[in-house]
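K.L.:
Here's a structure for you.
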Amino acid sequence: MTARPTGRSDDRAWAEAVRREAVVRPPRCAATLFAGEVAVGAAALGLSRSQTLSLVRAFRADPATATLVRGRCGVKAGTRLLPPAVGACIDEAYREVFLRPERP
């Protein structure tokens, strides 16, 4: 079993994961899911069918409540999306234009 996160926002995320587990766990014993089961689960969670199926797959791969805690969206902090050469050009231009000392 994984450790439960701490903190107020983490408590809300954990409570949501527990609620999701109650919906996602029952179909785990069936080898296949039927469209009706997915539709009922999606309605109960307030998610789309594809999001619900994604949760079921993730839970089947790692059957722990922590698997259902919603992660942060988007690119991780500090990730560079540009190639290094382009980033170096931008950094150099920034230093030349914006980081100049003021003239008297």
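K.L.:
As an exercise, identify the trypsin sites (Lys or Arg not before Pro) in region 13-104 lying in DSSP coil whose Cβ has no more than 11 other Cβ atoms within 10 Å. Please report the intermediate quantities before stating the final value.
P.N.:
Numbers: sites: 19, 20, 28, 49, 57, 60, 70, 72, 76, 80, 95; in loops: 70, 72, 76, 80.
Of the trypsin sites (Lys or Arg not before Pro), the ones in loops of region 13-104 whose Cβ has at most 11 other Cβ atoms within 10 Å are 70, 72, 76, 80.
K.L.:
Filter the chymotrypsin sites (Phe, Trp or Tyr not before Pro) in region 23-95 to those in DSSP coil with at most 14 other Cβ atoms within 10 Å of their Cβ, and list the result.
P.N.:
34
K.L.:
So, in nm, how far is label residue 12 from label residue 98 when the simple model puts each one 7 Å beyond its Cα toward the Cβ?
P.N.:
Rounded to a tenth, the inter-label distance reads 3.2 nm.
K.L.:
Could you give the nm distance between label points at residue 75 and residue 35, where each point is 7 Å from its Cα heading toward the beta carbon?
P.N.:
Calculated label separation equals 3.9 nm.
Computed from the coordinates by the stated procedures, all read-outs in this text should not be read as laboratory data. The structure displayed is predicted, hence computed values, not measured ones. Methodologically, a virtual Cβ is constructed for each residue, glycine included, from the backbone with ideal geometry; neighbour enumeration extends over all protein chains shown.
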